[in-house]
Structure formats: structure tokens, C-alpha cells
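Please read the structure below before turning to the comments.
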Amino acid sequence: MNIRSRMIRKIASLGLCVAIAVSGTLFASAPKAAAAASTSAKADKIITLGKKYLGVKYRLGAPSGSTQMFDCSSFMQYIFGKYGVKLPRVSSAQATKGKTVAKSALKKGDLVFFESSNSSKIGHVAVYIGNNKILHTYGKPGVTITSLSAAYWKSHYKTAKRVL
């Protein structure tokens with residue numbers, strides 16, 4: 001075999017190795033992309049379900065599973081639970097679940113927690129729905145959509161968790 005033939009074989013072998021390495025990298029990233037798409041789809045479903053309850057009355061201590069009335073944590077427990085995400089009954093316990101997320105990195109479906117008016121303890125939970133808005137329930141409006149930049153919510157923001 002002459003030098004030219006060996007050189008062509010080496011180049012072909014190297015090219016094949018590179019092709020295999022690149023395709024392996026592409027296939028390895030495919031499950032991550034699929035998981036991200038699946039998470040986003042689940043978040044959209046949870047938010048769509050939650051929006052069906054806009055205007056439903058707020059009642060502190062509303063029973064789990066009730067759709068006639070909600071408090072903030074029973075609402076989150078209900079809409080997330082319908083899509084297989086089990087959450088504790090109260091907002092302070094819900095805040096112990098998932099991965100902490102910076103406010104600047106919020107994604108649809110993240111749980112957002114707020115301090116009580118008279119304490120630094122967690123007293124309220126909402127779901128982030130994108131575009132700086134949250135879906136939640138409290139007081140007179142019941143289930144509603146609010147800007148995260150509204151004065152009260154901005155000043156009482158505590159943390160956020162990713163449970164999806």
C-alpha cells in the first residue's frame with residue numbers, strides 16, 4: 001500500500017470518528033430537549049386549567065379538592081395535582097418542594113411565594129404564567145391574574161420554586 005492510500009484511509013477514519021462523535025452528541029441532547037418541551041407543555045396545561053377557575057371565590061382554609069372555593073395553596077395543590085405534581089396543603093410547606101429559582105429566571109409553571117403582610121414568613125403562593133404575571137387566589141377577586149410588578153406583590157415577594 002502506498003503512502004497516498006494510507007493517507008486517504010487515515011483521513012477517512014478520522015472523518016468517520018468525528019461523524020460518530022458529533023451524532024452521539026446530538027442524540028445525547030435530544031432527551032433534554034424533549035424533557036424541556038414536556039415540562040413546558042405540562043406548565044401550559046396547568047395554567048389553562050387554572051384559568052378555568054377565574055373568579056371562583058377565595059376562602060381561607062378551603063378544603064383540598066374543592067372547586068367551589070379555594071385558598072391560595074389549595075388552588076395550587078388542585079391544579080398541579082391534576083397533572084401528577086403532588087404538593088403539600090399549605091404554602092409554607094409547598095415552598096420546601098422543588099428547586100429554588102431566581103426571580104429573573106422564572107418560567108411558566110414555577111411556584112412564586114410571598115411573605116405575609118405582618119411577617120417575613122411565607123403566607124401566599126401563586127403560579128407564574130409568563131409575561132411577569134401570576135395566577136392565584138386571594139380576597140375579593142378570588143382566582144385572578146395579577147402583575148408580579150404590582151406594588152403589594154413586588155414588595156412581598158419571597159422566593160420561587162420549580163416543581164416541574
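The values are calculated or read from the model by the stated rules, or taken from the named source; none is laboratory data. Predicted, not measured: the structure shown is a model, and the values here were computed from it. Cβ placement follows ideal geometry from the backbone for every residue including glycine, while neighbour counts extend to all protein chains displayed. These accessible areas exclude ligands, DNA and RNA; they are computed on the full protein's heavy atoms, side chains included. Shrake-Rupley method; radii C 1.70, N 1.55, O 1.52, S 1.80 Å.
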Quote the accessible area belonging to V112 in square angstrom, nearest 10, computed with a 1.4 Å probe and with ligands, DNA and RNA left uncounted. 0 Å²
Distance between modelled label sites at L49 and S149, nm, 7 Å Cα→Cβ extension: 3.1 nm
Just to be sure I understand the model, the point goes 7 Å from the Cα along the line to the Cβ. What's the resulting R59 to Y157 distance in nm? 3.3 nm
Ranking by accessible area, most exposed first, for V163, V143 with a 1.4 Å probe: V163, V143
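Over 18 Å between C-alpha atoms is what I'm after, so list which of K45/K103; K45/K121; K42/K107 land there.
Details: K45/K103 22 Å; K45/K121 30 Å; K42/K107 12 Å.
Where the Cα-Cα span goes over 18 Å, the pairs concerned are K45/K103; K45/K121.
If I stretch the segment between Q68 and A102 completely, what's the gain in nm (0.36 nm per residue apart, minus their alpha carbon distance), one decimal? Intermediate values should be presented prior to the final figure.
Numbers: separation 34, 0.36 × 34 = 12.24 nm, distance 3.34 nm.
Stretched fully, the Q68-A102 segment lengthens by 8.9 nm.
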Charge dipole of the stretch 75-164 about the Cα centre (unit charges at C-beta), most positive-ward option of Y128, Y138, L164: L164
